[in-house]
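For reference, the structure is listed below as structure tokens.
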Amino acid sequence: MPLKARTLIFCVMLLSLAALPEPATAWGKFGHLVVCDLAYRNLTEASREKLKQLFQVRRGGITVKGKGRLPDRHYTSFNVGCLEEDELPRKHPEDHFINVSRDTKAIEGPSCPSNAECIFAGIERDLKALKNETAPNGDRVFALMAVGHWIGDIHQPLHISFADDRGGNGIDVKLTGKCGKSSYRAKNLHGVWDNCLLEAGLFERVRMRADFKKSWSRNTITYRAVDTLQARTTLTEEKSLVQSEPWQWAAESYKITLDPAVLYCFKVGDVCQYSQTQATRPTTGPKRLQNLNQAYLAAFKGAAEDRVKKAGFRLAHLLNLALDPGYTVPIQNSTQRP
């Protein structure tokens, strides 16, 4: 084949790849690690022992079969496994979101809109699988990691959103300044809530610590962030956080999504539109461009931190209920005030 022809084919392939939509993730890698590490630290001894058995820790971990869609994967810990559902191709792509109509005013119950699949279905399916002690360990581990991911997703506000703009992936942003001192650069509004707000708030506070070292391993910043969340949450507050159901957690997220200051959608009559002049995102043409500044990050970094904190404690509660027959309510941990 002539060189020009090969070059042309290569360029077409690159353009095709560039045109593929970016996968919508929740909280990004570090956010999910925070949620699952915080949950693990608040498991009972009985629940931790069940996890060790499921992950076959004493034999060096467990290999979970990809079943033809993904390569087989080896796991030794729960928190890293929580990232499994963001691997491509996704096993349950619909379960990452609750896509509602633009005239929806609130989440009022546990049903998925239009009888479609959504996060509620994922939580119900995988909690049931986790509790099934007759199922193979690999299937239960797979379900366990999925539950960890779904609880993170349901607490990310823009995962309770509108399908046409893919929870803000269809809204480009131009941010003045950086996301704290991190190297992360948000391309769209979904990315701001996935990563930028945590980088500017929760993780930036870790970077400001006197003992912070640039030589720390990549995940260490999440462990130190969890130290702070753990120490700052009293047992009384934790007990209050878990006295609700997943649909109510989605309702909390959606209330943030609709906040006009979030700049996700624009209220016109009874509808929250894509822009002030467009009801939904057009199928062709440029995306909406939203300018953001440091005041925006300052306004919402606390909300993002609060969402991952609630996700972590609530996940611990669900897993304790699933794995520890003697568990009823949270118990005080070693770094927690009453």
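The values are calculated or read from the model by the stated rules, or taken from the named source; none is laboratory data. Please read all numbers here as calculations on a predicted model, not as lab measurements. Cβ placement follows ideal geometry from the backbone for every residue including glycine, while neighbour counts extend to all protein chains displayed.
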Among the residues of segment 266-273, is any closer than 23 Å to Arg102 by Cα and not in a strand (DSSP E or B)?
yes
Given (1) in contact with a strand residue (DSSP E or B) (Cβ under 9 Å, 6 or more places away or on another chain); (2) closer than 30 Å to Met145 by Cα; (3) surrounded by fewer than 17 Cβ atoms within 10 Å (Cβ to Cβ), identify the lone condition not met by Leu321.
(1)
Taking the conditions exactly as written (part of a helix (DSSP H, G or I) and not charged (D, E, K, R)), does Ala250 satisfy them or not?
yes
Just to be sure before I move on: is Asp194 at pLDDT 95 or above and more than 28 Å from Pro71 (Cβ to Cβ) in the structure I sent?
no
Please enumerate the residues belonging to segment 77-110 that are at pLDDT 70 or above and exposed (fewer than 13 other Cβ atoms within 10 Å of the Cβ).
Ser101, Asp103, Lys105, Ala106, Glu108, Gly109
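Considering only segment 126-156, state which residues are of a type in the set (Lys, Arg) and either at pLDDT 95 or above or part of a loop (DSSP other than H, G, I, E, B) (or both).
Of the residues in segment 126-156, the ones of a type in the set (Lys, Arg) are 128, 131, 140.
Matches in segment 126-156: Lys128, Lys131.
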Restrict the check to segment 236-256 and report whether at least one residue is of a type in the set (A, V, I, L, M), modelled with pLDDT of 95 or more, under 26 Å from Arg102 (Cβ atoms) and surrounded by fewer than 16 Cβ atoms within 10 Å (Cβ to Cβ).
no
Among what's in segment 278-318 and is surrounded by fewer than 19 Cβ atoms within 10 Å (Cβ to Cβ) and β-branched (Val, Ile, Thr), pick the residue that is nearest to Trp249 (Cα to Cα).
Thr280
Tabulated pairs, segment 34-59, first part of a helix (DSSP H, G or I), second among the small types (Gly, Ala, Ser), C-beta under 6 angstrom, 6+ apart or interchain
Val34/Ala225; Val35/Gly152; Val35/Ala311; Val35/Gly312; Cys36/Gly148; Leu38/Gly312; Ala39/Gly312; Ala39/Ala316
